[in-house]
1. Which numbered condition in (1) on the phi > 0 side of the Ramachandran plot; (2) open to solvent by less than 20 Å² (accessible area, probe 1.4 Å) is the only one that I163 fails?
2. Residue pairs, Cβ under 9 Å, 6 or more apart or interchain, first in the stretch 195-212 and farther than 21 Å from M71 by Cα, second open to solvent by less than 60 Å² (accessible area, probe 1.4 Å) and assigned to a strand (DSSP E or B). List them.
3. Which count do you get for residues in the stretch 142-173 that are within 15 Å of the ligand (Cβ to nearest atom) and part of a helix (DSSP H, G or I)?
4. Take the conditions under 26 Å from D75 (Cα atoms) and in a loop (DSSP other than H, G, I, E, B) and apply them to A176. Does it pass?
5. Among the residues of the stretch 65-79, write down those that are within 11 Å of the ligand (Cβ to nearest atom) and either surrounded by fewer than 17 Cβ atoms within 10 Å (Cβ to Cβ) or hydroxyl-bearing (S, T, Y) (or both).
6. Return the only residue of D133, D149 being out of contact with any Pro (no Cβ under 7 Å at 6 or more places or on another chain), open to solvent by 70 Å² or more (accessible area, probe 1.4 Å) and under 15 Å from D81 (Cβ atoms).
7. Of all residues being hydrophobic (A, V, I, L, M, F, W, C) and open to solvent by less than 20 Å² (accessible area, probe 1.4 Å) in the stretch 103-130, which is nearest to C88 (Cα to Cα)? Just the residue, please.
8. Of V62, V82, V17, which residue is under 29 Å from R180 (Cα atoms), away from the ligand (no atom under 15 Å from the Cβ) and β-branched (V, I, T)?
Amino acid sequence: MLSLLERLSRRLADDGVGATAEHLRMRAHERYRDWRLGVDTCGAISSSALGGDASCVDYEPVNYKCLDAAMDYLDVRAGEDVFLDYGCGKGRAVAYAATMPFRRIIGVDRAPELCAAAKDNLRRIKPPVRCADIDIVTADARVFDPPDDATVIFMFNPFTGQILADVQEKIRQSLARAPRKMTLIYLYPHQRQEDAFAGRPWIRKTCELPTRSWRSISTLAIYESVNDAAAANAAE
Ligand SMILES: C[S@@+](CC[C@H](N)C(=O)[O-])C[C@H]1O[C@@H](n2cnc3c(N)ncnc32)[C@H](O)[C@@H]1O
């Protein structure tokens with residue numbers, strides 16, 4: 001295990017003074033935003049350490065700048081909209097959503113230790129809390145049925161491949177059972193070019209923009225449900 005000083009001098013040697021200073025500034029900003037919200041969600045944990053397979057992405061909290069951009073896009077219907085975070089980790093996006101007037105909030109994650117951390121964070125969240133009806137569910141997204149009143153779905157690159165396909169199918173089935181306006185926020189690494197929701201007639205992309213966190217760029221893609229029974233029933 002490298003000491004803090006060793007890691008810092010290694011980073012200085014690899015990235016130079018300017019990039020290292022920018023990295024430290026970004027980390028301080030993330031810590032500051034956690035502090036303001038009253039939570040502790042920083043740090044990454046590998047999926048293998050959490051017992052996940054290759055399609056499960058590591059735990060890494062969504063960067064606050066990206067989260068601001070995503071949440072700014074929403075026009076939350078107070079007391080109506082229900083927020084669901086797939087792969088909620090330590091609960092950063094869920095805690096942020098609690099400061100908005102959602103009717104209900106659900107976070108789901110396969111890792112029990114992350115769900116425990118999310119619950120701890122939600123107990124400590126600083127006011128103003130505008131939604132207190134929050135559930136953290138420990139479950140694999142492959143077997144979790146999204147509630148039929150979920151109207152805002154948030155995904156910060158939680159999984160890929162067959163898991164993502166299975167989850168998309170579960171969302172489609174929910175829309176077919178209960179047609180409704182649903183907004184889906186999907187943040188994923190910019191270098192991944194393909195649109196994971198392309199060709200699905202039950203959802204259409206309304207916005208795509210790059211959002212920048214230190215060194216990496218994520219794509220923020222926003223989709224809206226197509227409220228048309230034929231589209232929702234068109235199994236893929
Ligand atoms: C990149 S992190 C996102 C964390 C959180 N949404 C945030 O924005 O701060 C991805 C999360 O997805 C979870 N995850 C990965 N595969 C999963 C699966 N099959 N079912 C449920 N959660 C999963 C991981 O445990 C991890 O916490």
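1. Result: I163 passes all but (1).
2. Going by the 9 Å Cβ cut-off, the qualifying pairs are R200/Y223; W202/S225.
3. 11
4. No.
5. Hits for the stretch 65-79: nothing passes.
6. D133
7. V108
8. Selected residue: V82, the only one of V62, V82, V17 that is under 29 Å from R180 (Cα atoms), away from the ligand (no atom under 15 Å from the Cβ) and β-branched (V, I, T).
The values are calculated or read from the model by the stated rules, or taken from the named source; none is laboratory data. Note that the coordinates shown come from a computational prediction; the quantities given were computed from them, not determined experimentally. Note that we place each Cβ from the backbone using ideal geometry, even for glycine, and neighbour counts take in every protein chain shown. When the accessible area is computed, the model is the full protein with side chains, heavy atoms only, and any ligands, DNA or RNA have been set aside. Shrake-Rupley method; radii C 1.70, N 1.55, O 1.52, S 1.80 Å.
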